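The values are calculated or read from the model by the stated rules, or taken from the named source; none is laboratory data. Bear in mind that the values here come from a model prediction, so they are computed numbers and not experimental data. FYI the Cβ positions are ideal-geometry reconstructions off the backbone, even for glycines, and counts take in every protein chain you see. When the accessible area is computed, the model is the full protein with side chains, heavy atoms only, and any ligands, DNA or RNA have been set aside. Shrake-Rupley method; radii C 1.70, N 1.55, O 1.52, S 1.80 Å.
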Amino acid sequence: MQNQTLQKYISEIIGTYILVFIGTASVATALYIGVLVGIFQVAILWGIGLTIAIFATAPHSGAHLNPAITIALYILRKNSMDFFEMLGYIGSQFLGAILAGLSVLIIFGPFINRFESLNEIVRGEKGSELTASAFGEYFPNPDVLPHETGADLVTSFHALGIEAFGTAILAFVIFMSLDPKSILHKTNGLAPIIIGLTLTLLISLFGSITQAGWNPARDFGPRLVAFFAGWEKIAIPGPSNGFWIYIIGPIIGAPIGGLLYDKLLKISDKK
């Protein structure tokens with residue numbers, strides 16, 4: 001039993017690492033090197049990363065890969081795990097995300113330094129949220145609007161609502177895939193692809209506003225790496241003191257999305 005539980009946690013570490021590394025590396029490639037063009041190219045890589053991570057880990061841990069989804073499952077699927085197992089899942093997800101952030105920092109370090117030099121950006125000072133945005137997330141997206149000109153367009157409450165709304169949609173699709181009587185569940189191998197495409201869709205729609213987090217581990221793990229790598233207050237608490245939005249927003253949204261599926265569309269076991 002202990003070995004099975006440990007395997008679940010290792011699976012969550014690996015799966016979250018795959019998701020966050022592929023995703024944040026795509027942002028780093030677009031931002032620091034300029035090879036990727038447009039938000040859709042980044043979004044599709046995030047979707048592919050999530051699909052690979054689900055295929056790799058679903059048989060072992062259920063492929064939560066997201067503390068908000070784990071919390072939603074704990075609330076709405078009471079027999080799926082106990083409280084301490086939930087904490088183990090969440091801790092594993094954050095660890096995987098931190099390792100992914102460290103990998104991106106090491107691999108792209110020289111390109112970050114060059115980008116900062118060319119654009120006269122001082123790490124940890126005003127304006128360096130642009131370079132930090134390959135790790136944690138910011139509103140509005142600093143690659144679209146500088147914080148000074150965009151702060152009035154995207155308030156903290158606005159950003160919180162978007163993060164909750166997007167996570168609710170993602171959770172809705174995930175709970176749909178878990179319904180034993182849904183077409184998505186019955187079609188072998190389709191669910192990870194649809195969930196990955198849902199992530200691609202959501203990033204394409206909302207990434208220009210909040211960078212589209214939907215996952216507390218995805219944001220805070222790399223953000224913590226950025227804090228210790230010199231971005232400091234730009235990373236935590238961020239220019240608008242808003243790092244908490246990427247934790248609380250998804251935690252609010254995921255149970256709502258799961259509950260909506262359960263109440264509105266879940267196919268009853270009763271005949």
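Some observations on this one:
- Just so you know, in the range 206-234 the residues that are of a type in the set (Val, Ile, Thr) and over 26 Å from Glu12 (Cα atoms) include one that is least open to solvent (accessible area, probe 1.4 Å), and it is Ile234.
- When Gly124 is tested against (1) farther than 28 Å from Phe172 by Cβ; (2) open to solvent by less than 20 Å² (accessible area, probe 1.4 Å); (3) part of a helix (DSSP H, G or I), just one condition goes unmet, and that condition is (3).
- Residue-level analysis places Phe227 outside the set of residues that are aromatic (Phe, Trp, Tyr) and in contact with a helix residue (DSSP H, G or I) (Cβ under 7 Å, 6 or more places away or on another chain).
- Restricting the range 63-102 to residues that are within 13 Å of the chain's Cα centre (by Cα) and not in a helix (DSSP H, G or I), the residue that is surrounded by the most Cβ atoms within 10 Å (Cβ to Cβ): Leu65
- All positions within the range 242-253 that are in contact (Cβ under 8 Å) with a residue 24 or more places away in the chain and assigned to a loop (DSSP other than H, G, I, E, B): Gly242, Phe243
- Residue ID - modelled with the highest pLDDT, chosen from residues in the range 145-168 that are open to solvent by 60 Å² or more (accessible area, probe 1.4 Å) and under 21 Å from the mean Cα position of the chain (by Cα): Phe165
- Test: residue in the range 33-47 that is at pLDDT below 95, of a type outside the set (Phe, Trp, Tyr), surrounded by 17 or more Cβ atoms within 10 Å (Cβ to Cβ) and outside any helix (DSSP H, G or I): yes
- The range 77-93 residues that are within 12 Å of Thr5 (Cβ to Cβ), paired with ones that are aliphatic (A, V, I, L, M) and part of a helix (DSSP H, G or I) (beta carbon under 6 Å, 6 or more apart): Ser92/Ile13
- Ser117 being of a type in the set (Gly, Ala, Ser), open to solvent by less than 20 Å² (accessible area, probe 1.4 Å) and out of contact with any Ser or Thr (no Cβ under 7 Å at 6 or more places or on another chain): no
Table: residues versus (1) more than 20 Å from Leu50 (Cα to Cα); (2) in contact with a His (Cβ under 6 Å, 6 or more places away or on another chain); (3) of a type in the set (Gly, Ala, Ser).
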position	(1), (2), (3)
His60	no, no, no
Ala63	no, no, yes
Ser80	yes, no, yes
Leu95	no, no, no
Leu99	no, no, no
Phe111	yes, no, no
Leu118	yes, no, no
Gly127	yes, no, yes
Tyr138	yes, no, no
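- Evaluation of Leu130 against the conditions (1) touching a helix residue (DSSP H, G or I) at 6+ places or on another chain (Cβ under 6 Å); (2) surrounded by 19 or more Cβ atoms within 10 Å (Cβ to Cβ); (3) assigned to a helix (DSSP H, G or I) shows that the sole unmet condition is (1).
- Filtering the range 244-264 to residues that are open to solvent by 50 Å² or more (accessible area, probe 1.4 Å) and more than 28 Å from Asp179 (Cβ to Cβ) leaves only Trp244.
- Residue that is among the β-branched types (Val, Ile, Thr), farther than 25 Å from Leu95 by Cβ and part of a loop (DSSP other than H, G, I, E, B), where the choices are Val173, Val154: Val154
- Single residue of the range 181-200 satisfying the filter (open to solvent by 40 Å² or more (accessible area, probe 1.4 Å) and without any contact (Cβ under 8 Å) to a residue 12 or more places away in the chain) that is nearest to the chain's Cα centre (by Cα): Leu190
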